[in-house]
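Asks: Right, I'll just put the structure down here and ask away after.
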Amino acid sequence: MRVPVVVQGRRRTSSVRALWNLAEVAVTLGVVLLLLVAHQLWWTNRQAREGAERQVHALEEEWGRDSQNSRDSRDSRDSAVEQPAPSGGAEDAPASDPDDADPPSPRRQQQAAQAPTPRWDQAYAVLRIPRIGIRVPVAEGVSKSGVLNKGYVGHYGRTAQPGQGGNFALAGHRNTHGEPFRRIDRLRGGDELVVETKGAVYTYVVDKTLAQTSAGDSGVIAPVPRSRLKPGHGYSSPGYYITLTTCTPEYTSKYRLIVWGKLQSMRPR
């Protein structure tokens, strides 16, 4: 009678090989995940910030050329007209334009803000927030691929444009893709929010904040911004407002953080 022989060494070798293969797969998956995280948290930020900074420079250069051309054209027209010598009397001094006072009247603000609506995804303004060191382009719309993922701040369609009566409402990423609004939770009452356009510079000041509300709380970007879910947060009368919105808590998109401000002054470029 033959006694079966069990070769334990082979079984042990097969088990070790299987465990080794599983370990290799786990390490490979871990490396892939780390690369994905690095891409989201580092590479997208780097790319978006560089692209946003280039766009800011492009806008400033364009505005500078337009301003110089306007001055040259105005100087040419003035030089073609013979001006009478001033008499020097006090009664001949030019009267000051009350509309050029600082801050301008609401009517002057609204007139200065009248401009063609930017095309979708077009960068047309620059937002500066000195307290947190932000200088970022503002583009029309809030699409991820066309605006937000480029590191830009997006303007909600159908809300007011800079300087107009109503609510100039903006959105920006808090994490990844340039994360321009990552630190807006640090803003406090009185901090400046400066919006530069081709025609003027508008200075808003932070007035109120809402630490957390639902992503569907559309009242925060209404013409008179007021939360529909958080009673007592917002405003009750028309004005010249700015709204910053971003996701909260960090690295999630479950809720929204809101910062509101009011227009303080406007000056032509």
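Coordinate-derived values only; no laboratory data. What you see is a predicted model, and the numbers here were worked out from it, not measured in a lab. Because the Cβ atoms are built from the backbone with ideal geometry, glycine has one as well, and the counts that use them run over all protein chains shown.
Asks: Simple spin-label model, 7 Å along Cα-to-Cβ: GLN68 to TRP120 in nm?
Replies: Result for the modelled spin labels: 3.6 nm.
Asks: Ranking THR44, THR117 by Cβ neighbours within 10 Å, fewest first, what do you get?
Replies: Details: THR44 19, THR117 10.
Least to most surrounded, the residues fall as THR117, THR44.
Asks: Using the basic label-point model (7 angstrom from Cα toward the beta carbon), what is the TYR255 to ARG131 distance in nanometres?
Replies: 1.9 nm
Asks: Let me ask you something else. Given H placed on each backbone N at 1.01 Å, which residues far from THR209 in sequence or on other chains put an amide H within less than 5 Å of it?
Replies: Residues meeting the criterion, in which the H sits 1.01 Å from N, are TRP260.
Asks: Compute the FRET efficiency between ARG54 and VAL205 as 1/(1 + (r/R0)^6), taking r as their Cβ-Cβ distance and R0 = 25 Å, and round to the nearest 0.05. Write out the running numbers ahead of the final one.
Replies: On the way: r = 29 Å, r/R0 = 1.17.
Plugging the Cβ-Cβ distance into 1/(1 + (r/R0)^6) gives 0.30.
Asks: While we're on this one: Which entries of LYS208/LYS262; LYS230/LYS254; LYS144/LYS230; LYS208/LYS230 have Cα-Cα distances beyond 19 Å here? Mind showing how you got there, number by number?
Replies: Details: LYS208/LYS262 9 Å; LYS230/LYS254 16 Å; LYS144/LYS230 27 Å; LYS208/LYS230 13 Å.
Distance filter (> 19 Å) returns LYS144/LYS230.
Asks: By counting other Cβ atoms within 10 Å of each Cβ, how are ARG182, ARG174, ARG188 ranked from fewest to most? Walk me through the numbers before you get to the answer.
Replies: On the way: ARG182 18, ARG174 22, ARG188 9.
Fewest-to-most ranking of ARG182, ARG174, ARG188: ARG188, ARG182, ARG174.
Asks: Quick check on the exposure proxy: order VAL126, VAL224, VAL138 from fewest to most C-beta atoms within 10 angstrom.
Replies: Details: VAL126 21, VAL224 14, VAL138 26.
Placing the least packed residue first, the sequence is VAL224, VAL126, VAL138.
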